[in-house]
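Engineer: First the structure, then my questions, so here it is.
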Amino acid sequence: YKYDPLILVGFIDEIIEQIYARYGMLHQKAQMRELESDRDRIASKLETNQQYLSNILHASDSAIMVIDENENIVAWNKGAEKIFGYTEEEILNKKSHVLLPDNSRFKNELKYSQDETKKNGYVRIFDTERKTKDGNILTVQLNVTKLPDKDGNYAGRSVIIKDTTEVKKLQQQIDQSEKLAVIGQVAAGVAHEIGNPLASISSIVQLLQRQLKDDFVSEQLSTIKENIDRITRIVRELVDFSRPPSYEKSFIQITDVIKTALGIVKYDKRVRKVNFETQLDPDVPRLNIVPDQLLQVFVNILINALDAIHGNGTINVKSYHDNFNVMVEITDNGTGMNEETIEKIFDPFFSTKEVGKGTGLGLSVSYGIIKKMNGSIEVKSKLNEGSTFT
Ligand SMILES: Nc1ncnc2c1ncn2[C@@H]1O[C@H](COP(=O)(O)OP(=O)(O)OP(=O)(O)O)[C@@H](O)[C@H]1O
Ligand SMILES: [Mg+2]
């Protein structure tokens, strides 16, 4: 039996080849396994990233939404739901203009924000307005960013909306306080100048009244006296307004002050057909305030309410509290006010009442008093429906 060396070489060759093949296969398998684990790692990383993004998206207090190139809303986060009141289900695939207040100015703004994002990729708009599901108007700030498709063309935009209504309101209150301070200084001077001559006229009239027996003249004198008293009252209000007297503070239950105020206005001859409804919180925490001033505020607001219902309607007074604040709501179903009026009611001497009926100081004085107590006074009103002062 003889080995043919050639066959042997061929045989060995074959074995080596097979070993290589086997080894290659093993190697491939190992590579595959590595690839697979890479793939899993990348996938899980991707998922984590996605989780991060969606957490950020949903946890954000700002409203974040995506609007596609056909103006449909295609993404909507929890912040948007909180701010606007629409759930994701309700809003998705609705047109973006459902969020615009009804005014052509906002159509122009929409156009501007589309054009600007297409052109520059980005636009910010401050102090504009948007409408919630309930129809409330919010002051907002917008950050709009272009979303490109794979070729870089405009495919829609993402919009981040911050609700700055509260900030705006605070700003307005600061403006109002400043305005009052300036007017207060002027008023103090004027009131002082008027006050003294007035006092002297008043005492002369009283003197004459006592001496005169003529009916006609004494009737005229009473009219003069009434008018002087009226002017004196206004002047006193003016002085109070500019320099609210610092009466003693005491710990009182606001409910008691409300009851006193109601007692006072119920004597008004106009109240015969008025229906007073009260829901008073018996457990409000006591407040350290000047009771007379607060009383003045409630009386002012109640009298305004009486004027608004023209002696025929309902006035609702409600008090309640939470951990930080005591709230009092006075609601009437009277004439209500339009936007223009609402903006001016806290201005001194703003009055829509006939000359002689209102001086327009009631609410501005009340505003000053409440501010001094670190409180706030707000109004909601609709024309022909009524008003609520809180
Ligand atoms: N409850 C209300 N309903 C409708 N309008 C109101 C109400 N309260 C206030 N207003 C409007 O606000 C204006 C200003 O009120 P404010 O109390 O400051 O002055 P006034 O009532 O006109 O005069 P006064 O100094 O005698 O109080 C009113 O003239 C009225 O137009
Ligand atoms: Mg008034």
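The values are calculated or read from the model by the stated rules, or taken from the named source; none is laboratory data. Because the structure is a prediction, the values reported are computed rather than measured. Cβ atoms come from the backbone with ideal geometry, glycine included; neighbour counts cover every protein chain shown.
Engineer: Looking for something within 16 Å of ligand 2 (Cβ to nearest atom), of a type in the set (A, V, I, L, M), over 23 Å from I264 (Cα atoms) and free of Cβ contacts under 8 Å to residues at least 12 places away in the same chain - is there at least one such residue anywhere in the stretch 345-356?
Structural biologist: Within the stretch 345-356 (the criterion being within 16 Å of ligand 2 (Cβ to nearest atom), of a type in the set (A, V, I, L, M), over 23 Å from I264 (Cα atoms) and free of Cβ contacts under 8 Å to residues at least 12 places away in the same chain), the answer is yes, since at least one residue qualifies.
Engineer: Among D292, D256, which is the only one that is more than 16 Å from ligand 1 (Cβ to nearest atom), within 17 Å of G362 (Cα to Cα) and not basic (K, R)?
Structural biologist: Details: D256 fails: within 17 Å of G362 (Cα to Cα).
Checking each option against the conditions leaves just D292.
Engineer: Here's something else I'd like to know. What are the pairs with Cβ atoms under 8 angstrom where one residue, in the stretch 44-60, is closer than 16 Å to A80 by Cβ and the other, located anywhere, is among the charged types (D, E, K, R) and part of a helix (DSSP H, G or I)? Sequence gap at least six, or different chains.
Structural biologist: Going by the 8 Å Cβ cut-off, the qualifying pairs are H58/K78; A59/K78; S60/K78.
Engineer: Oh, and also: So V317 fits all but one of (1) more than 16 Å from ligand 2 (Cβ to nearest atom); (2) among the hydrophobic types (A, V, I, L, M, F, W, C); (3) in a loop (DSSP other than H, G, I, E, B); what number is the exception?
Structural biologist: Every listed condition holds for V317 apart from (3).
Engineer: Quick test for you: out of F346, F324, F298, F389, pick the one residue that is more than 12 Å from ligand 1 (Cβ to nearest atom), crowded, with 18+ Cβ neighbours inside 10 Å, under 29 Å from Q171 (Cβ atoms) and of a type in the set (F, W, Y).
Structural biologist: Values: F346 fails: more than 12 Å from ligand 1 (Cβ to nearest atom); F324 fails: crowded, with 18+ Cβ neighbours inside 10 Å; F389 fails: more than 12 Å from ligand 1 (Cβ to nearest atom).
After ruling out the rest, the residue left standing is F298.
Engineer: Let me confirm something: among K249, K213, which residue is more than 47 Å from the chain's Cα centre (by Cα) and modelled with pLDDT under 85?
Structural biologist: K213
Engineer: To continue, here is another question. Considering (1) of a type outside the set (A, V, I, L, M); (2) in a helix (DSSP H, G or I); (3) surrounded by 10 or more Cβ atoms within 10 Å (Cβ to Cβ), say which one D61 fails and leave the rest.
Structural biologist: Unmet condition: (2).
Engineer: Of all residues in the stretch 173-205 being touching a Lys or Arg at 6+ places or on another chain (Cβ under 7 Å) and not hydroxyl-bearing (S, T, Y), which is farthest from K371 (Cα to Cα)?
Structural biologist: Here the residue is V205.
Engineer: I need the full set of residues from the stretch 263-293 which are in a helix (DSSP H, G or I), more than 16 Å from ligand 2 (Cβ to nearest atom) and crowded, with 18+ Cβ neighbours inside 10 Å, in order please. Before you say what the answer is, go through the steps one by one.
Structural biologist: The initial filter retains those residues of the stretch 263-293 that are in a helix (DSSP H, G or I), namely 263-265, 269-272, 291-293.
If we keep only those that are more than 16 Å from ligand 2 (Cβ to nearest atom) as well, we get 263, 269, 272, 291-292.
Matches in the stretch 263-293: P291 only.
Engineer: Could you list all residues from the stretch 362-390 that are more than 15 Å from ligand 2 (Cβ to nearest atom) and among the aliphatic types (A, V, I, L, M)?
Structural biologist: The initial filter retains those residues of the stretch 362-390 that are more than 15 Å from ligand 2 (Cβ to nearest atom), namely 371-376, 378, 380, 382-386, 388, 390.
Answer for the stretch 362-390, where residues must be more than 15 Å from ligand 2 (Cβ to nearest atom) and among the aliphatic types (A, V, I, L, M): M373, L383.
Engineer: Kindly evaluate S387 against the criterion of being small (G, A, S), modelled with pLDDT of 90 or more and not in a loop (DSSP other than H, G, I, E, B). It would help to see each step written out before you state the result.
Structural biologist: Details: small (G, A, S): yes; modelled with pLDDT of 90 or more: yes; not in a loop (DSSP other than H, G, I, E, B): yes.
In short, yes.
Engineer: Something else about it: Return yes or no: is N325 more than 13 Å from ligand 2 (Cβ to nearest atom) and either under 25 Å from the mean Cα position of the chain (by Cα) or at pLDDT below 90 (or both)?
Structural biologist: Working: more than 13 Å from ligand 2 (Cβ to nearest atom): yes; either under 25 Å from the mean Cα position of the chain (by Cα) or at pLDDT below 90 (or both): yes.
Judged against the criteria, N325 is a match.
Engineer: For residues in the stretch 349-384 being part of a strand (DSSP E or B) and within 10 Å of ligand 1 (Cβ to nearest atom), which is farthest from V299 (Cα to Cα)? Show your work before the answer.
Structural biologist: Start the filter on the stretch 349-384 by keeping residues that are part of a strand (DSSP E or B), which leaves 379-382.
Next, only the ones that are within 10 Å of ligand 1 (Cβ to nearest atom) stay: 379, 381.
Working: V379: 16, S381: 19 Å.
Once the filter is applied, the top-ranked residue is S381.
Engineer: At positive phi, in contact with a strand residue (DSSP E or B) (Cβ under 8 Å, 6 or more places away or on another chain), in the same structural domain as L262 (by TED's automatic domain parsing) and not in a loop (DSSP other than H, G, I, E, B): does that describe G336? Steps first, answer last, please.
Structural biologist: Numbers: at positive phi: yes; in contact with a strand residue (DSSP E or B) (Cβ under 8 Å, 6 or more places away or on another chain): yes; in the same structural domain as L262 (by TED's automatic domain parsing): yes; not in a loop (DSSP other than H, G, I, E, B): no.
Criteria not met by G336.
Engineer: If we keep just the residues of the stretch 357-381 that are farther than 17 Å from H310 by Cβ and surrounded by fewer than 13 Cβ atoms within 10 Å (Cβ to Cβ), which is nearest to the chain's Cα centre (by Cα)?
Structural biologist: E378
Engineer: Still on this structure, I have one more. Give the residue that is modelled with the lowest pLDDT, with candidates limited to residues of the stretch 143-180 that are touching a strand residue (DSSP E or B) at 6+ places or on another chain (Cβ under 6 Å) and of a type in the set (D, E).
Structural biologist: So the residue we want is D149.
Engineer: Closer than 30 Å to P285 by Cβ and not assigned by TED's automatic domain parsing to the domain that holds I303: does that describe L221?
Structural biologist: No, not satisfied.
Engineer: Do any residues in the stretch 360-374 that are under 16 Å from A187 (Cβ atoms) have Cβ atoms under 9 Å from those of residues that are outside any helix (DSSP H, G or I) and small (G, A, S), where the two are at least six apart or on different chains, and which pairs are they?
Structural biologist: Correct list of pairs: G360/S351; L361/S351; G362/S351; I369/G375.
Engineer: Report whether or not I301 is within 15 Å of ligand 2 (Cβ to nearest atom) and not assigned by TED's automatic domain parsing to the domain that holds N227.
Structural biologist: On the way: within 15 Å of ligand 2 (Cβ to nearest atom): yes; not assigned by TED's automatic domain parsing to the domain that holds N227: yes.
Yes: the conditions hold for I301.
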